[in-house]
Amino acid sequence: MTSASSSRLAFVGFAASLIYPSTAVFEKVGLPYLAAYVLLAPFLLWSALHLVPRLRARISPRAALIGLVLLHVALLCAHLWVHPQIDTSGFRLFGLQFGASDGDDAIDLAITEALAGRYPYHATTFLGNPITPMPGSILLAVPFYVLGSSSIQSVFWLMIFFWAVAAHHRDWFTAAIVSFSVFVLSPNVIYQVLRGGDYITNSVSILVFSGLLLESTRRGHASWQRALWALLLGVSLSSRLNFLPLLPLLLGALARASSLTGACSTLALVLAAFGALTVPAVLYDPSGFSPLHTLSKLDVTGRLPWAPYLVALLAFALSTALAVRRESYELRVFMRDVFFIEAFLAVTGFVLASISSGRVNLDYPHFGVLFMFFGIFAFAPGSIPISQESFVASFARTPRAAPTS
């Protein structure tokens, strides 16, 4: 593949990661606005990226870092202002009414029930919905629950994501450009932060912990470090069922980063952490384990009861095929393959949901948030093979600006 073709494909992947999830927010304003967004957003992104060399020459690394910090402070302030309304009656924006959301209420309620010694999945939220986050998602939210509410976790994990981008490129400017691209062209990210759900936490935590695990393995770091990242990744995998098909891909990447024997032992640690959290919760009350009800989103209101299992099987097959095909290890390629697997699940779900409702279902693209950060990491401008720069080692030092000449 030529450099020009690779660049075009990277742009398509970057644009799709930003745009597809946000098509969900245009359900309220109508198809004309959706069409305008889908047509204009790629053009605006393309135009903005052509300004990057000029901006890089004028914006110092310090200014880029300050911009990132101010952006997240503004995001946190917006969350603290708007979210209390979402937790009650919803809010109005530009004349549109957005309903109440129980995303963080489900997690806070589950933690409250667990701390009281009760099975958390028997409870329902203030909107009467079952609790769908799995045990890992609930555990990751505990520090934020202690601080007052799990709803602020999205802001924290967004900061971690852009830090990871900066560390990967050793460049605060790249992280700043990526962050402004996300917040300007992907309004669903803002919506997810305001509603306080766990989609951002789920995907970014898996991205970060898998990256740290793979790079620690490749560089032969101490076994306790690899074990730590493996256990944390297992916790993150116990967040939503759609991440389980990543296991074959992870095994293949670990094998290429070290050896098949080492990869199997590391994956065993990941599965041990996943099982220690998930299996007891399922066995306690299999019929009452409410996260399993999300499978019904794929069965077309009962008309295709085999669909969830077929889609899962195809996702595992795709993951295995991508794992076998790879001849060498690169973190960027691993993230790209994760993007493909999760995008397959999201788009398949969108098609089945549209068939079920008899119309284009613009609510389902919200799940695109679960793949968008992998696509952004893999396709963002300036992506370089991780073999040229260690993801883990770069966390230990301050990113520097890329040369301007």
Search result, residues across segment 14-55 that are under 25 Å from the mean Cα position of the chain (by Cα) and aromatic (F, W, Y): F14, Y20, F26, Y37, F43, W46
Residue in segment 16-36 that is of a type in the set (D, E, K, R), in contact with a strand residue (DSSP E or B) (Cβ under 7 Å, 6 or more places away or on another chain) and either surrounded by fewer than 18 Cβ atoms within 10 Å (Cβ to Cβ) or modelled with pLDDT of 85 or more (or both) present: yes
Filter result for S328 (within 20 Å of P21 (Cα to Cα), surrounded by fewer than 17 Cβ atoms within 10 Å (Cβ to Cβ) and either touching a Lys or Arg at 6+ places or on another chain (Cβ under 7 Å) or free of Cβ contacts under 8 Å to residues at least 60 places away in the same chain (or both)): no
Every residue from segment 209-242 that is more than 29 Å from L313 (Cβ to Cβ) and part of a helix (DSSP H, G or I): L212, E215, S216, R218, S223, W224, Q225, R226, A227, L228
Helices (runs of 4 or more DSSP H) lying entirely in segment 280-396 (those with 1 or more residues that are farther than 18 Å from L241 by Cβ and at pLDDT 75 or above): 307-325, 331-357, 369-379
Pairs, first farther than 16 Å from Q192 by Cβ in segment 59-83, second exposed (fewer than 11 other Cβ atoms within 10 Å of the Cβ), C-beta under 8 Å, six or more apart: none
Condition check for I355: surrounded by 18 or more Cβ atoms within 10 Å (Cβ to Cβ) and of a type in the set (A, V, I, L, M): no
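The values are calculated or read from the model by the stated rules, or taken from the named source; none is laboratory data. Treat the numbers as computed from the prediction; the structure is a model and nothing was measured. With ideal geometry, Cβ positions are generated from the backbone for all residues, glycine too; neighbour counts draw on all protein chains shown.
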